[in-house]
């Protein structure tokens, strides 16, 4: 029997996608990265239950993330607003909304491509939801998500089921030393 918590078959992890783009909001740009994420997440076994768009900006991102996370257990993947542009404020909005950061996920996502060094994206949790910031390009959002996709279901499960997150084979000792 395999006791690896990441290999246990489970119900598909629920996912929501948040596109952050002034251009999409104003109708001057198509939401290609949101569509690419929806197709990719669905094809890799995630259950995409919502996809929405908000304008760039700290407050709009914070409010959207808090609304998406309310009574939700799953992953929220953002796309866009992680670069150096003056309106790229997705990380700031994410930090304002999350309870705890998950820096290891953000670091792994940045390592997949040399351009990742230009990403300011953050990851963290809001209640029972895991939030991942990805770039606004169709290739970038997919490859950065894929960098952590294997651990996302396990991370999401830990947000509500932390009974034994680190199973081990050692039996408790009955002996006292000292």
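The values are calculated or read from the model by the stated rules, or taken from the named source; none is laboratory data. Because the structure is predicted, anything quoted here is derived from the model rather than measured. Using ideal geometry, Cβ is built from the backbone for each residue, glycine included, and neighbour counts are taken over all protein chains shown.
Below, the figures for the structure above:
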{"item": "Residues within the range 71-83 that are over 17 Å from residue 120 (Cα atoms), part of a loop (DSSP other than H, G, I, E, B) and in contact (Cβ under 8 Å) with a residue 24 or more places away in the chain, tallied", "result": "2"}
{"item": "Residue list for the range 94-114, restricted to those being closer than 15 Å to residue 151 by Cα and part of a helix (DSSP H, G or I)", "result": "103, 104, 105, 106, 107, 108, 109"}
{"item": "Residue within the range 20-38 that is touching a residue at least 60 places away in the same chain (Cβ under 8 Å) and over 19 Å from residue 144 (Cβ atoms) present", "result": "yes"}
{"item": "Flag if residue 140 is assigned to a helix (DSSP H, G or I) and at pLDDT 95 or above", "result": "yes"}
{"item": "In the range 26-60, the residues that are assigned to a helix (DSSP H, G or I), in contact with a strand residue (DSSP E or B) (Cβ under 6 Å, 6 or more places away or on another chain) and surrounded by 16 or more Cβ atoms within 10 Å (Cβ to Cβ)", "result": "33, 34, 37, 38, 41, 60"}
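Here's the yes/no breakdown for (1) within 14 Å of residue 20 (Cα to Cα); (2) buried (at least 19 other Cβ atoms within 10 Å of the Cβ):
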{"residue": "74", "(1), (2)": "no, yes"}
{"residue": "85", "(1), (2)": "yes, no"}
{"residue": "96", "(1), (2)": "no, no"}
{"residue": "99", "(1), (2)": "no, no"}
{"residue": "111", "(1), (2)": "no, no"}
{"residue": "130", "(1), (2)": "no, yes"}
{"residue": "145", "(1), (2)": "no, yes"}
{"residue": "150", "(1), (2)": "no, no"}
